[in-house]
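The values are calculated or read from the model by the stated rules, or taken from the named source; none is laboratory data. If you're wondering where the values come from, they're calculated on a predicted model, not measured in any experiment. When we count neighbours, we look across all protein chains shown, and the Cβ atoms used for this are built from the backbone with ideal geometry, even at glycine. For the accessible areas, the whole protein counts, side chains as well, though only heavy atoms, and no ligand, DNA or RNA atoms are used. Shrake-Rupley method; radii C 1.70, N 1.55, O 1.52, S 1.80 Å.
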Amino acid sequence: MKISTRGRYALRFMIDLAQHDNGSYVALKDVSARQDISIKYLEQITSLLSKFGLLLSVRGPQGGYKLSKQPAEYSVAEILRITEGSLAPVSCLETPENLCPRKETCQTLKLWEGLDKAINDYLSHVTLQDLTDENTAAECFNYVI
């Protein structure tokens, strides 16, 4: 599994919104300047995140974006699943039911299932708040497999 630019930029965008939340909407041009991400790319990301209810948006001169819930209510897994799709390390684990014809005899399936569980457990327990809070970041990222 390799996280794409879209996934990484989506996390940066969401962190930026959390850090600059003063109750009003944040202009895309401001995030673009702070994060050095093109407005066109951010528009694609915001469209996707808005579609899934992670963002609130308002058009116009005072418009922009803000989080639809508190930063602690977003998991990194949720954001990455929306932008990346499956986080599975192998294709046979991308769907709820493993349809691989070799699943009964696959000697590596348990390995991939364990890795998939570790990835999902870890990313599900890291919140947007964790990423914005420097004090808890060290504790949050101390994960043992």
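For the reader, a short list of remarks on this structure follows.
- Checking each residue in the range 76-86 for being modelled with pLDDT of 90 or more and over 25 Å from Ser32 (Cβ atoms) picks out only Ala77.
- For the range 4-16, the set of residues classified as under 14 Å from Leu87 (Cβ atoms) and either of a type in the set (Phe, Trp, Tyr) or surrounded by fewer than 14 Cβ atoms within 10 Å (Cβ to Cβ) (or both) consists of Ser4 only.
- Under the condition of being assigned to a loop (DSSP other than H, G, I, E, B) and either of a type outside the set (S, T, N, Q) or open to solvent by less than 30 Å² (accessible area, probe 1.4 Å) (or both), the residues counted in the range 72-105 number 16.
- Of all residues in the range 23-66, those satisfying the criterion of being open to solvent by 60 Å² or more (accessible area, probe 1.4 Å), outside any helix (DSSP H, G or I) and without any contact (Cβ under 8 Å) to a residue 12 or more places away in the chain are Asp36, Ser38, Arg59, Pro61.
- Taking the range 126-145 as the range and being at pLDDT 95 or above and either loosely packed, with under 12 Cβ neighbours inside 10 Å or in contact with a strand residue (DSSP E or B) (Cβ under 9 Å, 6 or more places away or on another chain) (or both) as the test, the residues that pass are Val126, Thr127, Leu128.
- The one condition from (1) of a type outside the set (Phe, Trp, Tyr); (2) more than 15 Å from the chain's Cα centre (by Cα); (3) within 20 Å of Val31 (Cβ to Cβ) that Thr83 does not meet is (2).
- Verdict on Lys69 being at pLDDT 95 or above and open to solvent by 50 Å² or more (accessible area, probe 1.4 Å): yes
- Some residue of the range 90-104 being under 19 Å from the mean Cα position of the chain (by Cα) and under 25 Å from Gln129 (Cα atoms): no
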